[in-house]
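Please read the structure below before turning to the comments.
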Amino acid sequence: KQTSLILSFETSCDETSVAVIKDGTEILTNIVATQIKSHQRFGGVVPEVASRHHIEQITICINKALESAHVTYADLTGVAITYGPGLVGSLLVGITAAKVVAWAHHLPLIPVNHIVGHIYATNFEHPIEFPALALVVSGGHTELVWMPQEGEFKIIGETRDDAAGETYDKIGRVMGINYPAGPTVDKLAHEGQDTFDFPRAMMKDDNFDFSFSGLKSAFINTVHHADQVGETLDHANLATSFQNAVTDVLVAKAMRALDKYPAKEFILAGGVAANRGLREKLDQELSKRDIEFVKAPLKLCGDNAAMIGAAAEMLQRHGAKADMSLNADPGLEF
Ligand code: KG4
Ligand code: ZN
């Protein structure tokens, strides 16, 4: 079998990333330029700022990637690019760069769905076994994805309002924690006790959807009320109670989904997949079932181009290709 060597791009949100992936399973390099500092003072990602950073960073990242992988354009067999979902201006920077490389070097252009990318971050651990069920949790997504076989994706549950990571970032903000607040709240959650009775929405509903806006409001109201009456709340206890509420719902819905969709493998991916509490709870519940639990490697939970290259290798085998008319699709589904 001929070696596949893919140059992959990811610019859907606030990381500019370029990777070189061999055969869909080996990372030769994975360059990630984060813009977090530029967005911190706004408390979240500012789309216009993000696009400008991608423009400044993209060629630097391409050169760094080729150099550190000891690869030239002539060695490549394809170019992969995230074309959605994401911020349109950010997506377009990566798409344009990928098109230029593909066109100039006569390489196939492989369009990749960002969510499929997150799922394929696990491909570096071992090839996915089907049927599989994935929980993709990030700053922009909270989705249960059913994969009956390779190349087939179906969203069976999703958030009706805020994404899980977004909720972490928003409640972190009222505690004075910098964006992105997820990692700090996770750490605090391991230092406190569950003393606040936060709501667990849609737990009993007969579907696999999520809702986190009620939890977010309850949290913010609790903090504001305390401020008004001059009471100081224990931040660790707040974090523990919040994290328990989020992870209880995620895990309960995932287990219910597994009852209806018996999978061989359960995949946890996306930025929030780095959450220790979530990993622990899923470990515990999944150990009671005859199922393999595969977590995205910690380094590849957040946005990166390596996962896009892994997904592209699979998608290309299933015939995915694009031409110079490829456009960004901010609301891309499967
Ligand atoms: O996948 P990602 O890098 O970007 C998106 O596609 O959204 O995810 C970033 C999100 C942020 O909301 C961040 O707060 C959250 O993932 N996050 C965490 C943790 N690490 C990152 N949330 C909870 N616990 C963590 N340990
Ligand atoms: Zn993402």
Here the relative contact order (percent) of the chain, from C-alpha pairs under 8 Å and at least 6 apart, is 25 percent
Per the 1/(1 + (r/R0)^6) rule, R0 = 41 Å and r from the Cβ atoms of Leu298 and His224, FRET efficiency to 0.05 is 0.75
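Please rank His106, His224, fewest neighbouring Cβ atoms within 10 Å first, as an exposure proxy.
His106, His224
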Can you list residues from other chains, or at least 5 along the same chain, whose modelled amide H is less than 5 Å from the amide H of Leu5? Asp23, Thr77, Gly78
For the chain, with a Gaussian network of springs between Cα atoms less than 10 Å apart, report the residue from Leu258, Leu109, Leu144 with the top mean-square fluctuation. Leu258
Pairs of alpha-carbon atoms within less than 8 angstrom and 6+ residues apart define the contacts here; what relative contact order does the stretch 144-218 have, in percent? 36 percent
Just rank Asp162, Asp209, Asp197, Asp14, fewest to most, by other beta-carbon atoms within 10 angstrom. Asp197, Asp209, Asp162, Asp14
Quick one: Karplus J couplings for the stretch 273-283, per residue in order, coefficients 6.51, -1.76, 1.60, θ = phi - 60°, nearest Hz, x for Gly and Pro? 5, 6, 5, 5, x, 5, 4, 5, 5, 5, 3
Please find, in a Gaussian network model of the chain (springs between Cα atoms separated by less than 10 Å), the residue of Ala274, Ala181, Ala74 whose mean-square fluctuation is greatest. Ala74
Starting from the Cα-Cα distance between Val100 and Glu191, subtract it from 0.36 nm times their residue separation and give me the gain in nm to one decimal. 27.8 nm
Tell me, in nm to one decimal, what length is gained between Glu48 and Ile156 on full extension, where the rule is 0.36 nm per residue of separation less the Cα-Cα distance? 35.6 nm
Could you work out the pair-distance distribution P(r) of the chain from its alpha-carbon pairs, with 10 angstrom bin width and percents rounded to whole numbers? 6, 26, 32, 23, 10, 2, 0
Would you mind ranking Thr142, Thr11, Thr240, Thr77 so that the residue whose beta carbon has the fewest other beta carbons within 10 Å leads the list? Thr77, Thr240, Thr142, Thr11
At 222 nm, what helix-only mean residue ellipticity would the chain give, in deg cm²/dmol to the nearest 500, using -39500 (n - 2.57) for each DSSP H run of four or more? -13000 deg cm²/dmol
Would you please give the residues with an amide H less than 5 Å from that of Ile81, counting only those at least 5 places away or on a separate chain, with H modeled from the backbone geometry? Phe9, Ile110, Val112
Which one of Phe210, Phe266, Phe196 has the biggest mean-square fluctuation once the chain is modelled by GNM with Cα springs under 10 Å? Phe196
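All of the numbers you see were taken from the coordinates with simple rules; none came from a lab. The structure presented is a predicted model; accordingly, all values stated were derived computationally and were not measured. Cβ atoms come from the backbone with ideal geometry, glycine included; neighbour counts cover every protein chain shown.
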